[in-house]
Amino acid sequence: MVSASLAPIALIGGWSLAAARQPPSYDPLRDTISALAARGATDSWIMTVGLAVLGTSHLATASGLTEASITGRALLAVGGIATIAVSALPQPAAGHAPAATVGFVALALWPAASGVPARRAARIATIGLVALLGWLLLELHDGNLLGLSERVLAGAQSLWPLAVAVTLSRLRR
């Protein structure tokens, strides 16, 4: 529960604080979360730490979410490792985009693979996350809302493990 709670705090708190430290030219609707941790960004360490804590939180949640299938837990862990790699490889590092891609895809697919808190809910979550991933891909090619689409996707991906942990905790009682 602690690691699942920490994930959205690290991500959303990180991007909020880091964005507040940027010059007025930074536009959170247009500019990515990664731009906040990029080389040359003002106080890039804030988002770098936020991403590292997010990835570590996903790893801890994957290890403790014993009700989930091993495949689902593995995908959540891969998403965590990829997020840590994103934090260690700030833009314009060559490995940044591949790590982000692996992370976004793994974190979109883990709910359906996990089967928790219930198979139907997990499948619906994956459908929603894949749809948000599709929006991000569209924005990457020709959109003015790249930053918004990335924040909505990443935020949803950080909140789903918490929703699962809370639901499972209630079911245990």
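The values are calculated or read from the model by the stated rules, or taken from the named source; none is laboratory data. Since this is a predicted model, take the numbers as computed values, not measurements. Cβ coordinates were reconstructed from backbone atoms using ideal geometry, including for glycine residues, and neighbour counts include every protein chain displayed. Keep in mind that these areas ignore ligands, DNA and RNA; they rest on the heavy atoms of the full protein, side chains included. Shrake-Rupley method; radii C 1.70, N 1.55, O 1.52, S 1.80 Å.
Could you list all residues from the range 119-147 that are open to solvent by 50 Å² or more (accessible area, probe 1.4 Å) and either touching a strand residue (DSSP E or B) at 6+ places or on another chain (Cβ under 6 Å) or more than 15 Å from F104 (Cα to Cα) (or both)? Before you say what the answer is, go through the steps one by one.
Going residue by residue through the range 119-147, those that are open to solvent by 50 Å² or more (accessible area, probe 1.4 Å) are 119-120, 123-124, 127, 130-131, 135, 137-138, 140-142, 144-145.
Listed by number, the residues that qualify are R119, R120, R123, I124, H141, D142, N144, L145.
Search the range 53-82 for residues being of a type in the set (S, T, Y) and over 17 Å from V116 (Cα atoms), and hand back the single one that is surrounded by the most Cβ atoms within 10 Å (Cβ to Cβ).
Keep residues of the range 53-82 that are of a type in the set (S, T, Y), which gives 56-57, 61, 63, 66, 69, 71.
Add one more test, that the residue is over 17 Å from V116 (Cα atoms), and what stays is 56-57.
Details: T56: 19, S57: 25.
Step by step, filter the range 53-82, then rank; the result is S57.
Do we have S87 as of a type in the set (G, A, S), modelled with pLDDT of 95 or more and over 20 Å from L146 (Cα atoms) here?
Here the answer is no, as S87 does not meet what is asked.
Just to be sure I understand, how many residues within the range 20-44 are surrounded by fewer than 20 Cβ atoms within 10 Å (Cβ to Cβ) and within 30 Å of P111 (Cβ to Cβ)?
5
Kindly state which helices (runs of 4 or more DSSP H) lie completely within the range 1-116 and contain at least 3 residues that are free of Cβ contacts under 8 Å to residues at least 40 places away in the same chain. Steps first, please.
Working: elements: 2-20, 34-37, 44-64, 70-88, 96-114.
Hits in the range 1-116: 2-20, 44-64, 70-88, 96-114.
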